[in-house]
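Q: Questions regarding the structure given below will be posed in turn.
The values are calculated or read from the model by the stated rules, or taken from the named source; none is laboratory data. Since the structure is predicted, the reported quantities are computational estimates derived from the model, not experimental observations. Backbone-built Cβ (ideal geometry, glycine too); neighbour counts: all protein chains shown.
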Amino acid sequence: MTDPHVADHEQEVAGRPSTGLLTRVNAPIARLGMYLSVTGLLIIVTIVFYQVFGRYVLNSSPTWTENLALVLILYVTLIGAAVGVRDAGHIGMDSLLVMLPDRLREKIELVIHVLVAIFGVAMVYNGWILGASVGTVHIPNLGLPEVVRYVPLIISGVLIVSFSIEHIIALLRGEEVVPSWN
């Protein structure tokens, strides 16, 4: 039989906001990533509008717009995906996890965050290898090195690892990571 005071304490601890050092570092980084992703999306819309305007109104399509929009899409999606990992916006099976007992659910969530962190490490490693392999090549019409296409993969991987570790620590402490948009 469980002590009612222990059960009350467990309910009190579970779900309280995480206040650790990693949370204090990650929350503003995630918020900045969100703002940069939204700003990047607005820039992409502007660039594509300019390209369409140039093509159909001016009969002179700018040559740099497509490549710049493609590079920006990489930054927007990968940084946005990393923020989604921190804010638990990634694909999940919450409906199945809710039906499990608390102890089993917490263990499965822990495994999920460890696997996501491993995926982040793979992103960093492969982004580094791929970026190094094209370091001397330049993107046509932009003059930028091809490596700029792989930088967001590395940044996103580092953020995913950091955000996953934050979730793991919070789970072990019985805390909850508050989304950065709150």
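Q: Give the residue that is nearest to T19 (Cα to Cα), with candidates limited to residues of region 136-152 that are buried (at least 18 other Cβ atoms within 10 Å of the Cβ) and either touching an Asp or Glu at 6+ places or on another chain (Cβ under 8 Å) or not hydroxyl-bearing (S, T, Y) (or both).
A: The initial filter retains those residues of region 136-152 that are buried (at least 18 other Cβ atoms within 10 Å of the Cβ), namely 139, 146-147, 149-150, 152.
Going one step further and asking which of them are either touching an Asp or Glu at 6+ places or on another chain (Cβ under 8 Å) or not hydroxyl-bearing (S, T, Y) (or both), we end up with 139, 146-147, 149, 152.
On the way: I139: 43, E146: 40, V147: 36, R149: 35, P152: 28 Å.
The qualifying residue nearest to T19 (Cα to Cα) is P152.
Q: Then there's this: S180 passes all but one of (1) small (G, A, S); (2) modelled with pLDDT of 90 or more; (3) under 23 Å from V38 (Cβ atoms); which number fails?
A: Of everything listed in (1) small (G, A, S); (2) modelled with pLDDT of 90 or more; (3) under 23 Å from V38 (Cβ atoms), S180 misses just condition (2).
Q: Then there is this: For E109, indicate whether it is out of contact with any Phe, Trp or Tyr (no Cβ under 9 Å at 6 or more places or on another chain), among the acidic types (D, E), surrounded by 14 or more Cβ atoms within 10 Å (Cβ to Cβ) and over 24 Å from L72 (Cβ atoms).
A: Against the criterion (out of contact with any Phe, Trp or Tyr (no Cβ under 9 Å at 6 or more places or on another chain), among the acidic types (D, E), surrounded by 14 or more Cβ atoms within 10 Å (Cβ to Cβ) and over 24 Å from L72 (Cβ atoms)), E109 qualifies.
Q: Considering only residues of region 122-132 that are more than 16 Å from the chain's Cα centre (by Cα) and under 23 Å from E66 (Cβ atoms), which is surrounded by the fewest Cβ atoms within 10 Å (Cβ to Cβ)? Please lay out each step first, then the result.
A: Of the residues in region 122-132, the ones more than 16 Å from the chain's Cα centre (by Cα) are 125-126, 128-132.
Keeping just the survivors that are under 23 Å from E66 (Cβ atoms) gives 130-131.
Numbers: L130: 15, G131: 18.
Here the residue is L130.
Q: With the condition kept exactly as written, say whether any residue in region 51-59 is assigned to a helix (DSSP H, G or I), touching a helix residue (DSSP H, G or I) at 6+ places or on another chain (Cβ under 7 Å) and hydrophobic (A, V, I, L, M, F, W, C). I'd like the intermediate steps shown before the answer.
A: Taking region 51-59 first, the residues assigned to a helix (DSSP H, G or I) are 51-56.
Filter again for touching a helix residue (DSSP H, G or I) at 6+ places or on another chain (Cβ under 7 Å), leaving 51.
Cutting the leftovers down to hydrophobic (A, V, I, L, M, F, W, C) gives us none.
The answer is no; no qualifying residue exists.
Q: Kindly indicate whether any position in region 122-133 is in a loop (DSSP other than H, G, I, E, B), small (G, A, S) and at negative phi. Lay out the reasoning, then the answer.
A: Looking only at region 122-133, we keep the residues that are in a loop (DSSP other than H, G, I, E, B), and these are none.
No, the conditions are met nowhere in region 122-133.
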